[in-house]
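Enquirer: Before I ask anything, here is the structure I am working with.
The values are calculated or read from the model by the stated rules, or taken from the named source; none is laboratory data. This is a predicted model, so every value here is computed, not measured. A quick note on method: Cβ atoms are made from the backbone with ideal geometry, for glycine too, and the neighbour counts reach across all protein chains shown. These accessible areas exclude ligands, DNA and RNA; they are computed on the full protein's heavy atoms, side chains included. Shrake-Rupley method; radii C 1.70, N 1.55, O 1.52, S 1.80 Å.
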Amino acid sequence: MIIDSIKKIRNLEDDLERQIQDAEKLANDSFRKAREDAEIEAKAIVKKAKEEADDLLERRKAEAEALSDKLLREGEAEFTKIKSLKDEQLKDAVDFVLERIVI
């Protein structure tokens, strides 16, 4: 009877040991899966952020080019006006600018 009890206890210990090993394996598998999922999520977030940054950069670049083109056209128009001034008007304009700078 005592031997049967000892055998039952050993069997019980063996069963518990297997259950512990199974639980550890499940925990490791769950941890590994969670880590893989987190890495996939992180890569997706980084990819999305990069795409948004690239898009924003392209938009800002286009806006800057449009502004640059506008300023260039305005500068060219002013230059054309200045070129077409008569000598007397040009002298008056230069005198006006110099007067403003000195004052």
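Enquirer: Based on Cβ point charges of +1 for Lys and Arg and -1 for Asp and Glu, what charge dipole magnitude is obtained for segment 19-95 about its Cα centre, in debye rounded to the nearest 20?
Expert: 120
Enquirer: Another question, then. Work out, step by step, the length gained on full extension between residue 70 and residue 2: first 0.36 nm times the residue separation, then minus their alpha carbon distance; give nm to one decimal.
Expert: Here the segment from residue 70 to residue 2 would lengthen by 14.4 nm.
Enquirer: Net charge within 13 Å of residue 27 by Cβ-Cβ distance, Lys/Arg positive one each and Asp/Glu negative one each, not counting residue 27 itself?
Expert: Here the charged neighbours net out to +1.
Enquirer: Here is a follow-up. Per residue, how much accessible area does the chain show when a 1.4 Å probe rolls over the protein heavy atoms, in square angstrom?
Expert: 97
Enquirer: Given only helices, namely DSSP H runs of n ≥ 4 each adding -39500 (n - 2.57), what is the per-residue ellipticity at 222 nm of the chain, to the nearest 500 deg cm²/dmol?
Expert: -35500 deg cm²/dmol
Enquirer: Using the charge dipole of segment 1-57 (Lys, Arg: +1 at Cβ; Asp, Glu: -1 at Cβ; taken about the Cα centre), state which of 12, 28, 57 has its Cα farthest towards the positive end.
Expert: 12
Enquirer: Can you compute the modelled spin-label distance between residue 95 and residue 55, with each label point 7 Å from Cα toward Cβ, in nm?
Expert: For residue 95 paired with residue 55, the spin-label model returns 6.0 nm.
Enquirer: Let me ask something else about it. First compute the accessible area of segment 1-76 with a 1.4 Å probe, then give the percent of it belonging to carbon and sulfur atoms.
Expert: So the carbon and sulfur contribution to the accessible surface is 59 percent.
Enquirer: Which number comes out as Rg/Rh for the chain once both Rg and the Kirkwood Rh are worked out on C-alpha atoms?
Expert: So for the chain, dividing Rg by the Kirkwood Rh gives 1.81.
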